[in-house]
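Participant: Take this structure first; my questions come after.
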Amino acid sequence: MSQKLSPYLFLVLSLLGFLDAAYLTLEHYRGVVPPCSVVQGCEQVTTSGYSMIFGIPVALLGALYYLIILLFSIAYLDTQNDRWLRQAAFFTPLGFLASLWFIYLQAVIIRAWCLYCIGSATTSTLLFVIGTFILAGPPTSWWQRLKNRFSSYQ
């Protein structure tokens with residue numbers, strides 16, 4: 001994956017994730033169940049006991065997660081300082097693990113699917129994959145380190 005493309009993918013994906021989670025948060029506080037056209041079960045998922053953590057909607061936590069990555073991505077694009085992009089990438093395992101948990105809950109415990117939650121899980125998984133590449137560095141970098149490590153044993 002191109003290191004030049006990564007910040008733009010982070011920007012777009014985190015914006016999509018933020019919009020998705022912000023929409024669910026707004027609907028939660030309005031007391032409205034979002035429409036679910038492709039799959040059935042949005043109401044069961046978004047109103048289940050698992051949709052809140054310590055009285056805070058999970059969607060709000062997701063919106064904050066995506067907002068952090070979005071702001072770090074913007075900071076990187078503004079300054080070209082790699083530190084911002086690496087900090088954004090550092091957060092992605094958190095979103096990925098949370099998504100795995102929520103997909104498990106939908107599939108096994110609640111036995112219903114929320115289209116918006118699946119979209120968020122997809123977004124956070126893609127952010128995690130891109131973040132892994134960012135944290136590993138350019139392919140030539142890690143390949144050179146691996147070669148140097150094995151050449152030192154000769």
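The values are calculated or read from the model by the stated rules, or taken from the named source; none is laboratory data. Keep in mind that this is a model prediction, so the values were computed, not measured. All Cβ positions, glycine included, derive from the backbone under ideal geometry; neighbour counts span all protein chains shown.
Participant: Being of a type in the set (Ser, Thr, Tyr) and buried (at least 17 other Cβ atoms within 10 Å of the Cβ) is the filter; apply it to the stretch 114-124 and report the residue that is modelled with the lowest pLDDT. Show your work before the answer.
Facilitator: Here is the first cut: in the stretch 114-124, the residues of a type in the set (Ser, Thr, Tyr) are 116, 120, 122-124.
When the remaining residues are screened for being buried (at least 17 other Cβ atoms within 10 Å of the Cβ), the result is 116, 120, 123-124.
Values: 116: 93, 120: 96, 123: 98, 124: 97.
Among residues in the stretch 114-124 that are of a type in the set (Ser, Thr, Tyr) and buried (at least 17 other Cβ atoms within 10 Å of the Cβ), the one modelled with the lowest pLDDT is 116.
One line per residue, one yes/no per condition, for (1) in contact with a Lys or Arg (Cβ under 7 Å, 6 or more places away or on another chain); (2) modelled with pLDDT of 95 or more; (3) crowded, with 16+ Cβ neighbours inside 10 Å:
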{"site": "102", "(1), (2), (3)": "no, yes, yes"}
{"site": "112", "(1), (2), (3)": "no, no, yes"}
{"site": "126", "(1), (2), (3)": "no, yes, yes"}
{"site": "135", "(1), (2), (3)": "yes, no, no"}
{"site": "140", "(1), (2), (3)": "no, no, no"}
{"site": "144", "(1), (2), (3)": "no, no, no"}
{"site": "153", "(1), (2), (3)": "no, no, no"}
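Participant: Could you list, in sequence order, the residues of the stretch 1-46 that are over 17 Å from the mean Cα position of the chain (by Cα), surrounded by 14 or more Cβ atoms within 10 Å (Cβ to Cβ) and polar (S, T, N, Q)?
Facilitator: Residues satisfying the conditions are 3, 44, 46.
Participant: Please enumerate the residues belonging to the stretch 29-73 that are charged (D, E, K, R) and over 21 Å from residue 103 (Cα atoms).
Facilitator: If the condition is that a residue be charged (D, E, K, R) and over 21 Å from residue 103 (Cα atoms), then 30 is the only one that fits.
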